[in-house]
């Protein structure tokens, strides 16, 4: 298993705790960086604001992105990440409560790599976390890091 | 002709043998026999005769003149006559010509009168047409007025519809926002309730007695039911929100694939599906899939207490309508409560016997209504149930509009 960080963009503290619990339960020991709104997520990725000085070339293995977020919503975060050459190829999984058609269309339209709905049943949620970890941290080969 | 006079005088004076101006001799004999006298008398006679001859010549000449004159006169007359004849001839020709002209004039006049008659006829016809036109015009004007009224009415209705449409669009937008919010925000706390209940059970289950653990299980079950309700409610509202895309659809094929899925969920059950061939319809395939999932799912559910069951999907003719139906031989329902069947969250059976949220038939009804059709049910307790629906865009005999 890869030791790169997971960026979890989640404003709900319960969901944050449950996600961390689900990841832990499935033996996913990667560092999880939590951003509680869209602006914070971009600060982390582009080493601005609270994350000034962070090495921008070090990108998370995967971003778990909620859609309904304070300040910048998930789709806007996605748009900006895809518009920047440094993060254009970063794997982004939308992990959200809704399965609204428009969210799915817009999510994939803006270049999301995956769309997963958070189930109400924690057992199902835990299973989803297990599969996500297995796929994005083990199976999937990310694009090579950008040089220069 | 004055020359004729002396001739008649000469004849009249002939018996007088002595020349005028000579006195008769006193002694006629002696005188008579006198030589001188005799010579003189002869001379006189000769003279008289000469003059008489002169006169005669005069007369003759006069007669000749007259004759000459007469000839000239005659020639003139003949000329005149000829001229007259010519004139007459000319006049005859003229007359013939004029007669011809007259005839042709008559012909022309006749023609003209025919023409006139025809013209009159035409004129009358034109007048009739004008009359008709006036009538027609009046009619058209009346129609126009009616149409204007209708147009005005239609405009009024249109503007009314437009404002209603605007309201509807606003309402739809609001519903959309509401659904979006429900979809995101209402489910999140449920995940927390369920997740932390499970965390309690997992981490502290050994510190709880049986009753405590049972309570936590109930919390989780209720939470998950709430989650299902929200999902059903969202799918019900999605049925109203999504655009209707009509296509020629094989309802039988959809039903067969649903039947296969149902049989997979409980492969031990003995349920015969009788799905008719040629159940073609002009519908939104996605929405009709949801309808049939609900109807066949209900039939599957309400026959679950039977050892073996039969579920039928076919079409029949009722009056002028092509009616599709899903029939089962399951638990059925009391027809007294039939009116409550299609209301959201209305249930006619105990949840313990037949689980469900009561949203399914409300969803089916919305889908059928959106297709302009009707949905109704017939049943008796323990006698099975039949759900009928019509799809007006689908012609008789399973043919389709396209």
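No lab work stands behind these numbers, since they all come straight from the coordinates. Because the structure is predicted, anything quoted here is derived from the model rather than measured. Because the Cβ atoms are built from the backbone with ideal geometry, glycine has one as well, and the counts that use them run over all protein chains shown.
The modelled label-to-label distance for the pair residue B:93/residue A:4, using points 7 Å beyond Cα in the direction of Cβ, is 13.1 nm.
Shown for A:73, B:211, B:353: other C-beta atoms within 10 Å of each C-beta, ranked fewest to most, produce the order B:211, B:353, A:73. Placing a pseudo-label 7 Å from each Cα along the Cα-to-Cβ vector at residue B:49 and residue A:105 gives an inter-label distance of 16.8 nm.
Using 0.36 nm per residue and subtracting the Cα-Cα separation, the extra length available between residue B:316 and residue B:42 on full extension is 81.4 nm.
Put the Cα centre of the stretch A:1-56 next to the Cα centre of the stretch B:294-325 and the gap is 52 Å. Look at B:230, A:6 and count the other Cβ atoms within 10 Å of each Cβ; fewest to most, that gives B:230, A:6.
Apply the Debye scattering formula to the stretch B:152-247, with a single equal point scatterer on each alpha-carbon and no solvent, then give log10 I(q)/I(0) at q = 0.18, 0.25 Å⁻¹. Debye intensities relative to I(0), on a log10 scale: -0.89, -1.17. Rg/Rh for the protein assembly as shown (Cα atoms only, Rh after Kirkwood) is 1.91. Exposure proxy ranking for B:52, B:57, based on other Cβ atoms within 10 angstrom of each Cβ and starting from the fewest, stands as B:57, B:52. The label point for residue B:265 and the one for residue B:100, both projected 7 Å from the Cα toward the Cβ, are 11.4 nm apart.
What FRET efficiency comes out for the pair residue B:116/residue B:151, r = Cβ-Cβ distance, R0 = 56 Å, nearest 0.05?
The computed FRET efficiency comes out at 0.70.
For the stretch A:45-59, backbone nitrogen atoms closer than 12 Å to the point 7 Å from residue A:113 Cα along Cα-to-C-beta are found at A:59.
With R₀ fixed at 35 Å, the C-beta to C-beta distance from residue B:376 to residue B:185 puts the FRET efficiency at about 0.40. Applying 1/(1 + (r/R0)^6) with r as the Cβ-Cβ distance of residue B:247 and residue B:221 and R0 = 30 angstrom yields a FRET efficiency of 0.15. Between helix B:187-204 and chain B there is an angle of about 20 degrees, using the helix long axis and the longest principal axis of the Cα atoms.
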